[in-house]
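Take a look at the structure set out below.
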Amino acid sequence: MSARDEILGRVRAGVGKDDFAARRARAEALLAAPVRGPQPVLDGDLVQRFRAKAESLASSVDSVSTPTEAPQAVARYLAAGGLGREAVLTGDLAALDWAASGLEVAVRPAVDADKVGISGCFCAIAETGTLLLLSGAATPATVSLLPETHIALVPVARIVATMEDAFALLRAERGSVPRALNFISGPSRTGDIEQTIVLGAHGPCRVHLILTGENS
(Lines give C-alpha, C1' and ligand atoms only; values in the text may rest on other atoms or scores of the structure.)
Protein backbone atom coordinates (compact mmCIF):
# COMPACT_ATOMS: atom_id res chain seq x y z
CA MET A 1 0.00 0.00 0.00
CA SER A 2 1.32 3.42 -0.96
CA ALA A 3 1.41 6.34 1.45
CA ARG A 4 -1.36 7.99 -0.60
CA ASP A 5 -3.64 4.95 -0.30
CA GLU A 6 -2.95 4.74 3.43
CA ILE A 7 -3.83 8.42 3.97
CA LEU A 8 -7.00 8.21 1.89
CA GLY A 9 -8.00 5.03 3.68
CA ARG A 10 -7.74 6.76 7.03
CA VAL A 11 -9.80 9.71 5.71
CA ARG A 12 -12.52 7.39 4.41
CA ALA A 13 -12.66 5.52 7.68
CA GLY A 14 -12.82 8.79 9.63
CA VAL A 15 -15.83 10.10 7.73
CA GLY A 16 -17.58 6.74 7.53
CA LYS A 17 -17.27 6.29 3.76
CA ASP A 18 -16.17 2.68 4.07
CA ASP A 19 -19.85 1.87 4.73
CA PHE A 20 -20.91 3.13 1.28
CA ALA A 21 -23.73 0.65 0.69
CA ALA A 22 -25.45 1.51 3.97
CA ARG A 23 -25.04 5.26 3.37
CA ARG A 24 -26.56 4.93 -0.09
CA ALA A 25 -29.48 2.90 1.26
CA ARG A 26 -30.20 5.59 3.86
CA ALA A 27 -30.06 8.35 1.23
CA GLU A 28 -32.40 6.47 -1.11
CA ALA A 29 -34.84 5.86 1.74
CA LEU A 30 -34.92 9.58 2.52
CA LEU A 31 -35.50 10.46 -1.13
CA ALA A 32 -38.30 7.91 -1.42
CA ALA A 33 -40.16 9.30 1.62
CA PRO A 34 -39.26 12.99 1.96
CA VAL A 35 -40.15 14.70 5.22
CA ARG A 36 -41.80 18.09 4.91
CA GLY A 37 -40.63 20.97 7.03
CA PRO A 38 -42.77 23.82 8.38
CA GLN A 39 -45.21 25.29 5.84
CA PRO A 40 -47.65 28.19 5.96
CA VAL A 41 -51.35 27.53 6.34
CA LEU A 42 -53.12 29.15 3.40
CA ASP A 43 -56.61 30.32 4.22
CA GLY A 44 -59.23 30.94 1.56
CA ASP A 45 -59.47 30.06 -2.10
CA LEU A 46 -56.21 28.95 -3.75
CA VAL A 47 -57.19 30.43 -7.12
CA GLN A 48 -57.77 33.88 -5.67
CA ARG A 49 -54.57 33.62 -3.63
CA PHE A 50 -52.61 32.71 -6.75
CA ARG A 51 -54.17 35.56 -8.73
CA ALA A 52 -53.39 38.12 -6.04
CA LYS A 53 -49.78 36.97 -5.61
CA ALA A 54 -49.19 36.86 -9.37
CA GLU A 55 -50.53 40.39 -9.80
CA SER A 56 -48.34 41.61 -6.93
CA LEU A 57 -45.35 40.33 -8.94
CA ALA A 58 -46.37 42.43 -11.99
CA SER A 59 -48.05 39.62 -13.93
CA SER A 60 -51.39 40.44 -15.54
CA VAL A 61 -54.16 37.87 -15.10
CA ASP A 62 -57.24 37.00 -17.15
CA SER A 63 -59.61 34.04 -16.87
CA VAL A 64 -61.78 31.93 -19.17
CA SER A 65 -64.23 29.14 -18.49
CA THR A 66 -62.67 26.56 -20.83
CA PRO A 67 -59.31 26.10 -22.59
CA THR A 68 -61.03 26.50 -25.98
CA GLU A 69 -61.64 30.16 -25.12
CA ALA A 70 -57.96 30.81 -24.46
CA PRO A 71 -56.92 31.70 -28.04
CA GLN A 72 -59.49 34.52 -28.18
CA ALA A 73 -58.32 35.76 -24.76
CA VAL A 74 -54.73 35.77 -26.04
CA ALA A 75 -55.80 37.67 -29.17
CA ARG A 76 -57.58 40.31 -27.07
CA TYR A 77 -54.52 40.79 -24.86
CA LEU A 78 -52.14 41.13 -27.80
CA ALA A 79 -54.46 43.56 -29.59
CA ALA A 80 -54.91 45.72 -26.50
CA GLY A 81 -51.15 45.99 -26.06
CA GLY A 82 -50.33 46.49 -29.72
CA LEU A 83 -48.19 43.36 -29.61
CA GLY A 84 -49.01 41.97 -33.05
CA ARG A 85 -50.62 38.68 -34.04
CA GLU A 86 -47.63 36.35 -34.25
CA ALA A 87 -46.44 33.99 -31.51
CA VAL A 88 -44.40 30.87 -30.93
CA LEU A 89 -46.21 28.08 -29.13
CA THR A 90 -45.38 24.97 -27.09
CA GLY A 91 -46.62 21.71 -28.57
CA ASP A 92 -48.91 20.88 -25.66
CA LEU A 93 -51.20 23.74 -26.77
CA ALA A 94 -51.13 23.03 -30.51
CA ALA A 95 -54.57 21.37 -30.58
CA LEU A 96 -56.38 24.61 -29.68
CA ASP A 97 -57.93 26.56 -32.56
CA TRP A 98 -55.48 29.44 -32.83
CA ALA A 99 -56.30 30.25 -36.45
CA ALA A 100 -59.92 31.11 -35.55
CA SER A 101 -58.63 33.81 -33.20
CA GLY A 102 -56.74 35.52 -36.02
CA LEU A 103 -53.33 34.64 -34.59
CA GLU A 104 -50.40 33.23 -36.51
CA VAL A 105 -48.64 30.69 -34.28
CA ALA A 106 -45.62 28.46 -34.88
CA VAL A 107 -45.10 25.33 -32.81
CA ARG A 108 -41.34 25.25 -32.21
CA PRO A 109 -38.63 26.43 -29.80
CA ALA A 110 -38.32 30.21 -29.62
CA VAL A 111 -35.47 32.20 -31.15
CA ASP A 112 -34.21 35.71 -30.43
CA ALA A 113 -36.49 37.31 -33.03
CA ASP A 114 -39.71 35.95 -31.49
CA LYS A 115 -41.68 38.60 -29.63
CA VAL A 116 -44.42 36.50 -28.03
CA GLY A 117 -44.25 33.02 -26.49
CA ILE A 118 -47.30 31.04 -25.38
CA SER A 119 -46.97 28.05 -23.08
CA GLY A 120 -48.88 25.90 -20.66
CA CYS A 121 -47.54 24.98 -17.24
CA PHE A 122 -47.18 21.82 -15.18
CA CYS A 123 -48.79 23.48 -12.18
CA ALA A 124 -48.95 26.80 -10.35
CA ILE A 125 -48.19 27.64 -6.72
CA ALA A 126 -50.70 29.76 -4.80
CA GLU A 127 -48.32 30.63 -1.96
CA THR A 128 -45.99 32.63 -4.22
CA GLY A 129 -47.88 33.22 -7.48
CA THR A 130 -45.33 31.04 -9.27
CA LEU A 131 -45.57 28.84 -12.36
CA LEU A 132 -43.75 25.52 -12.63
CA LEU A 133 -42.77 24.62 -16.19
CA LEU A 134 -41.09 21.36 -17.19
CA SER A 135 -38.72 21.15 -20.12
CA GLY A 136 -39.34 18.52 -22.79
CA ALA A 137 -39.62 17.90 -26.50
CA ALA A 138 -43.11 19.44 -26.62
CA THR A 139 -42.40 22.12 -24.02
CA PRO A 140 -39.06 23.81 -24.84
CA ALA A 141 -38.00 26.29 -22.17
CA THR A 142 -37.08 28.92 -24.76
CA VAL A 143 -40.76 29.70 -25.39
CA SER A 144 -41.12 31.12 -21.88
CA LEU A 145 -37.63 32.63 -21.62
CA LEU A 146 -36.65 34.33 -24.89
CA PRO A 147 -39.65 36.39 -26.11
CA GLU A 148 -40.37 39.79 -24.58
CA THR A 149 -43.93 38.66 -23.80
CA HIS A 150 -44.72 35.34 -22.16
CA ILE A 151 -48.34 34.20 -22.03
CA ALA A 152 -49.13 31.11 -19.96
CA LEU A 153 -52.32 29.08 -19.77
CA VAL A 154 -52.91 27.98 -16.18
CA PRO A 155 -55.59 25.35 -15.45
CA VAL A 156 -57.14 26.25 -12.11
CA ALA A 157 -57.29 22.54 -11.26
CA ARG A 158 -53.46 22.57 -11.34
CA ILE A 159 -53.04 25.30 -8.72
CA VAL A 160 -51.51 23.84 -5.56
CA ALA A 161 -50.88 25.48 -2.22
CA THR A 162 -47.10 25.31 -1.70
CA MET A 163 -43.79 24.51 -3.36
CA GLU A 164 -43.77 21.20 -1.47
CA ASP A 165 -47.14 20.34 -3.00
CA ALA A 166 -45.75 21.09 -6.46
CA PHE A 167 -42.84 18.69 -5.96
CA ALA A 168 -45.17 16.04 -4.52
CA LEU A 169 -47.35 16.34 -7.63
CA LEU A 170 -44.28 16.07 -9.85
CA ARG A 171 -43.11 12.89 -8.10
CA ALA A 172 -46.60 11.37 -8.22
CA GLU A 173 -47.23 12.07 -11.90
CA ARG A 174 -43.78 11.95 -13.48
CA GLY A 175 -41.64 9.86 -11.14
CA SER A 176 -38.33 11.22 -12.41
CA VAL A 177 -37.41 14.88 -12.72
CA PRO A 178 -36.98 16.20 -16.28
CA ARG A 179 -33.80 17.86 -17.47
CA ALA A 180 -34.92 21.32 -16.34
CA LEU A 181 -37.56 22.81 -14.06
CA ASN A 182 -38.36 26.49 -14.52
CA PHE A 183 -40.08 28.46 -11.78
CA ILE A 184 -41.53 31.72 -13.08
CA SER A 185 -42.69 34.44 -10.69
CA GLY A 186 -43.68 37.35 -12.87
CA PRO A 187 -41.54 39.20 -15.43
CA SER A 188 -37.77 39.06 -15.30
CA ARG A 189 -36.38 41.83 -13.11
CA THR A 190 -33.19 43.22 -11.66
CA GLY A 191 -32.26 45.91 -9.17
CA ASP A 192 -28.53 45.89 -9.87
CA ILE A 193 -28.33 49.53 -11.00
CA GLU A 194 -28.93 51.94 -8.11
CA GLN A 195 -31.40 49.46 -6.61
CA THR A 196 -33.98 50.50 -9.21
CA ILE A 197 -36.20 47.62 -10.34
CA VAL A 198 -36.09 47.11 -14.11
CA LEU A 199 -38.39 44.58 -15.78
CA GLY A 200 -37.21 42.40 -18.65
CA ALA A 201 -33.54 42.47 -17.78
CA HIS A 202 -32.85 38.75 -18.27
CA GLY A 203 -36.06 37.49 -19.87
CA PRO A 204 -39.66 38.52 -20.62
CA CYS A 205 -40.67 42.03 -19.61
CA ARG A 206 -44.35 41.01 -19.65
CA VAL A 207 -46.00 37.90 -18.20
CA HIS A 208 -49.70 37.40 -18.84
CA LEU A 209 -51.55 34.52 -17.22
CA ILE A 210 -54.85 33.10 -18.47
CA LEU A 211 -56.59 30.97 -15.86
CA THR A 212 -58.62 28.24 -17.56
CA GLY A 213 -61.54 26.49 -15.92
CA GLU A 214 -62.61 29.52 -13.88
CA ASN A 215 -65.79 31.47 -14.45
CA SER A 216 -64.57 34.71 -16.00
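Scanning segment 24-80 for residues that are surrounded by 13 or more Cβ atoms within 10 Å (Cβ to Cβ) and of a type in the set (Ser, Thr, Tyr) returns Ser59, Ser60, Ser63, Thr68, Tyr77. Within segment 108-118, is there a residue that is surrounded by fewer than 19 Cβ atoms within 10 Å (Cβ to Cβ) and in contact with a Lys or Arg (Cβ under 6 Å, 6 or more places away or on another chain)? The answer is no; no qualifying residue exists.
Residue pairs whose Cβ atoms lie under 9 Å apart, separated by 6 or more positions or on different chains, with the first residue in segment 63-90 and within 23 Å of Cys205 (Cβ to Cβ) and the second outside any loop (DSSP other than H, G, I, E, B) and aromatic (Phe, Trp, Tyr), are Leu83/Tyr77.
Inside segment 112-127, residues that are closer than 17 Å to Cys205 by Cβ and either in contact (Cβ under 8 Å) with a residue 24 or more places away in the chain or outside the structural domain of Asp92 (by TED's automatic domain parsing) (or both) make up a count of 7.
Specify which of the listed residues (Val107, Val160) is of a type in the set (Val, Ile, Thr), more than 12 Å from the chain's Cα centre (by Cα), closer than 30 Å to Pro38 by Cα and in the same structural domain as His208 (by TED's automatic domain parsing).
Val160
No other residue among Thr139, Thr130 is farther than 30 Å from Pro40 by Cα and either within 12 Å of the chain's Cα centre (by Cα) or free of Cβ contacts under 8 Å to residues at least 12 places away in the same chain (or both) apart from Thr139.
Does segment 35-58 contain at least one residue that is among the β-branched types (Val, Ile, Thr) and touching a residue at least 60 places away in the same chain (Cβ under 8 Å)? Checked segment 35-58: at least one residue is among the β-branched types (Val, Ile, Thr) and touching a residue at least 60 places away in the same chain (Cβ under 8 Å).
Scanning segment 91-111 for residues that are touching a residue at least 12 places away in the same chain (Cβ under 8 Å) and not in a loop (DSSP other than H, G, I, E, B) yields Gly91, Asp92, Leu93, Ala100, Ser101, Glu104, Val105, Ala106, Val107.
The values are calculated or read from the model by the stated rules, or taken from the named source; none is laboratory data. Nothing here was measured: the structure is a model prediction, and the numbers come from that model. Virtual Cβ from ideal backbone geometry, glycine too; neighbours counted across all protein chains shown.
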